[in-house]
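**Student:** My questions all concern the structure below.
The values are calculated or read from the model by the stated rules, or taken from the named source; none is laboratory data. Source: prediction; values computed, not measured. Cβ atoms come from the backbone with ideal geometry, glycine included; neighbour counts cover every protein chain shown.
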Amino acid sequence: MELKYGCNPHQSYASAEALDAANSPLELLNGKPSMINFLDALNAWQLVHELRKALDLPAATSFKHVSPAGAAVAVPLDDELAAMYEVAGQELTPAATAYVRARNADPKSSFGDFAALSDPVDVDTATFMKGVVCDGIIAPDFDPQALEILKSKKKGAFTVMKANPDFKPGEREEREVFGMKLVQTRNNFDITLATLENVVCGKLTDEARRDLVLGQVAIKYTQSNSVGYALGGQMIGIGAGQQSRVDCTKLAGSKADVWHLRRHPRIMNLKFKSSVKRQERINWRIRLIEGHVTAQEQVILDEILEEKTTELTLEEKAEWVAKLDGVALASDAFIPFRDNIDHAQRHGVKFICHPGGAVRDEDVKAACEEYGIAMAYTGVRLFHH
C-alpha cells in the first residue's frame with residue numbers, strides 16, 4: 001500500500017506490502033499511515049501480543065518513534081491513580097485500564113502516540129482515546145461502535161489497523177541500508193516468568209516478577225541501549241537509545257521520579273480553570289515538577305489557575321521521591337558497573353533483572369546486597385535496533 005510519506009515529509013515516496021499477500025500481519029481499516037506510523041504499529045503490536053501471552057493479562061502500549069513511551073497490563077487503578085490519570089469515577093474495562101496506564105507512564109512523551117492493544121478495542125477504550133492526541137491504533141479487533149468512534153478522530157484521518165494474531169513471521173528478517181542487505185535470525189526468545197528463575201540475591205515477590213516480565217518485554221522493543229522501570233503493572237520510566245547504560249538508568253529513573261511526583265499533594269490539588277485542556281494540564285503539572293519556571297511562564301500559569309501556586313522546591317521533591325519504593329528495573333544487556341545500582345536505588349528500585357555475565361558481576365551483586373535489592377540473571381540479551 002502507498003504510505004503518507006517516509007520518515008519525513010520530503011521523503012515523498014513510501015510504501016508497505018506484506019511479504020506474503022495471503023498471510024499479512026495486519027489490515028488497514030482507516031487512515032493513511034506514514035512510515036513511522038507503520039514501524040510503531042508493527043513493533044507495538046509485537047510487544048502487547050507477547051506481553052499478553054507472558055502474563056495472561058490484557059496489555060497496551062503507547063509508542064513514539066519506534067520505542068514505547070509506556071506499556072502496561074490491566075491491573076485495576078486505585079483511587080489515587082484514577083485521580084492522577086483524570087479518570088476518577090469512570091468505568092474502565094480491562095483493555096481501557098491497560099491503555100490508560102500505558103499512556104500515563106510518560107504522558108508528555110505520549111502526546112501524538114501510536115497505541116496498541118492486545119485485546120479487542122471496546123467502547124470505553126475508544127472513548128478515552130477520543131479525548132487524547134493520538135495518531136493511530138493497532139489491535140486484533142474492534143467493537144463496531146468503538147471503530148466508528150475511532151474513525152471520527154482527526155477528521156476521519158485517524159489510522160486504525162487490525163492485527164492478525166495468528167500471523168507467524170519467518171525465522172529470518174532482513175533490511176536494506178545504504179546499498180547493503182542485512183539479514184539476521186529474528187529475536188524469537190519468549191520472555192516468561194520462568195526467565196526469572198536464576199535469582200542470585202534477595203527474593204522476588206509475585207508483583208515484582210510480573211513487573212520484571214513487563215519490563216523485559218517492553219525493552220525488547222525499545223531502541224538500545226535501554227533500561228525500564230516498572231511498578232504496579234505498568235512502566236513508569238523508560239530510558240531508550242543511550243550509548244551509555246548508566247545514562248539509560250539515570251534517564252529512566254528521572255522519568256520514574258516525575259511519574260511519582262505527579263502524585264504529590266501540591267500537584268494533585270492544582271485547580272485549573274475549566275477552559276484548560278487535558279494536555280495543557282499535564283504539561284503544566286510536569287513543568288512545575290521539573291522546575292526552573294521562568295517569570296513569564298509563572299504569569300501564564302497564574303492566569304489559568306483558580307489558585308496561584310509555585311514549582312515544587314528541591315526539598316519537597318527529595319522528600320516525596322524518597323517514598324517511591326518497590327520498583328522493578330529491567331536492563332536489555334548486562335549491568336557493567338555498580339554505578340547503575342547506586343543510581344537505581346535512588347528511584348525506589350528493589351528488584352532488578354539483567355542478562356548477567358559482566359566481568360564485574362560480583363561488584364554489581366554486592367551493591368544490590370548493600371541496598372537490599374533482589375536480582376535475577378535472565379541469561380539473554382535483548383538489544384533492539
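**Student:** Quick check on the range 315-351: of everything there that is under 26 Å from Leu193 (Cβ atoms) and free of Cβ contacts under 8 Å to residues at least 60 places away in the same chain, which residue is surrounded by the fewest Cβ atoms within 10 Å (Cβ to Cβ)?
**Tutor:** Looking at the filtered set, the residue picked out is Asp325.
**Student:** Just give me the residues in the range 116-142 being touching a Gly at 6+ places or on another chain (Cβ under 7 Å) and among the small types (Gly, Ala, Ser), in sequence order.
**Tutor:** Gly136 - this is the single residue of the range 116-142 that is touching a Gly at 6+ places or on another chain (Cβ under 7 Å) and among the small types (Gly, Ala, Ser).
**Student:** Only one of (1) modelled with pLDDT of 95 or more; (2) loosely packed, with under 13 Cβ neighbours inside 10 Å fails for Asn188. Which number is that?
**Tutor:** It is condition (1) that Asn188 fails.
**Student:** Being among the basic types (Lys, Arg) and under 15 Å from the mean Cα position of the chain (by Cα) is the filter; apply it to the range 84-131 and report the residue that is modelled with the lowest pLDDT.
**Tutor:** Lys108
**Student:** Output yes when any residue across the range 254-272 is among the polar types (S, T, N, Q) and more than 25 Å from Gln345 (Cα to Cα), and no when none is.
**Tutor:** Yes, there is a match, as at least one residue in the range 254-272 is among the polar types (S, T, N, Q) and more than 25 Å from Gln345 (Cα to Cα).
**Student:** Kindly indicate whether Ala102 is farther than 23 Å from Phe272 by Cβ and crowded, with 24+ Cβ neighbours inside 10 Å.
**Tutor:** Considered against the rule, which asks whether it is farther than 23 Å from Phe272 by Cβ and crowded, with 24+ Cβ neighbours inside 10 Å, Ala102 comes out as yes.
**Student:** I need the helices (runs of 4 or more DSSP H) fully contained in the range 195-290, keeping only those with at least 1 residues that are acidic (Asp, Glu), out of contact with any Gly (no Cβ under 9 Å at 6 or more places or on another chain) and free of Cβ contacts under 8 Å to residues at least 12 places away in the same chain.
**Tutor:** Fully inside the range 195-290 and qualifying: 206-220.
**Student:** Taking the range 153-207 as the search range and keeping residues that are of a type in the set (S, T, N, Q) and more than 25 Å from the chain's Cα centre (by Cα), which one is nearest to Glu362 (Cα to Cα)?
**Tutor:** This residue is Asn198.
**Student:** Is at least one residue of the range 305-324 among the aliphatic types (A, V, I, L, M) and in contact with a strand residue (DSSP E or B) (Cβ under 9 Å, 6 or more places away or on another chain)?
**Tutor:** Looking for residues that are among the aliphatic types (A, V, I, L, M) and in contact with a strand residue (DSSP E or B) (Cβ under 9 Å, 6 or more places away or on another chain), one finds at least one in the range 305-324, hence yes.
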